[in-house]
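Note sheet for the following structure.
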Amino acid sequence: MTDLPTLQSWIEKLGFEAAAVDATTLRIRPPARDGEDELPPFIVQWTPNWLVLSILPMLEPGAYRGDDLGRRLLAENREMRLAKFALDKNHAVVLSAELPTESLDYSEVEDAIRRMVLYARRFRVEFGER
């Protein structure tokens, strides 16, 4: 089973800044890319059974046209692996992924984080433009 310090070292190995928030939570920030808006930080929550990665909020309430948002989020979710878009209780768009910790390894964490960054960068502009 993986622990939080191991996860932090894996995340830092990917070039992310990682800071412990408490005994079960990390706040991580993707490296900046030239010419692109910075992504919001990730929250990484570790329990003995699950690792939950969340970018929240990815888009604040009101930063998108809400009349077709649900349909667009469902369409995007169908095209993605590992991660999903949702709305939080305040109607902000959140991107999250859940991984079982039973046999979690570096490659799974790397794949989930890289996919989330890709999805966030690819769809953030799309969600905000309509």
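Bear in mind these aren't lab numbers, they're just calculated from the coordinates by the rules spelled out. In this text, all values refer to a predicted model and were calculated from it rather than measured experimentally. As a convention, Cβ positions derive from the backbone with ideal geometry for all residues, glycine included, and neighbour counts pool all protein chains shown.
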Checklist outcome for this item: Quarter of the surface of the C-alpha convex hull for the stretch 58-100, i.e. direction-averaged projected area in nm², equals 3.3 nm²
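May I ask you to compute the full-extension gain from D68 to E38, defined as 0.36 nm times their residue separation minus their alpha-carbon distance, rounded to one decimal in nm?
8.2 nm
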Item to check | Theoretical FRET efficiency, 1/(1+(r/R0)^6), r = Cβ-Cβ of D105 and T25, R0 30 Å, to 0.05 | outcome: 0.90
Checklist entry - Does a label point 7 Å from the Cα of T6, set along Cα-to-beta-carbon, have any residues of the stretch 68-105 with amide nitrogen under 18 Å, and which are they? => result 99-105
Checklist entry - What nm value, rounded to one decimal, do you get for the distance between E60 and E79 when each label is placed 7 Å out toward the C-beta? => result 2.7 nm
Checklist entry - Considering every Cα-Cα pair within the chain, what fraction, in whole percent, is farther apart than 27 Å? => result 18 percent
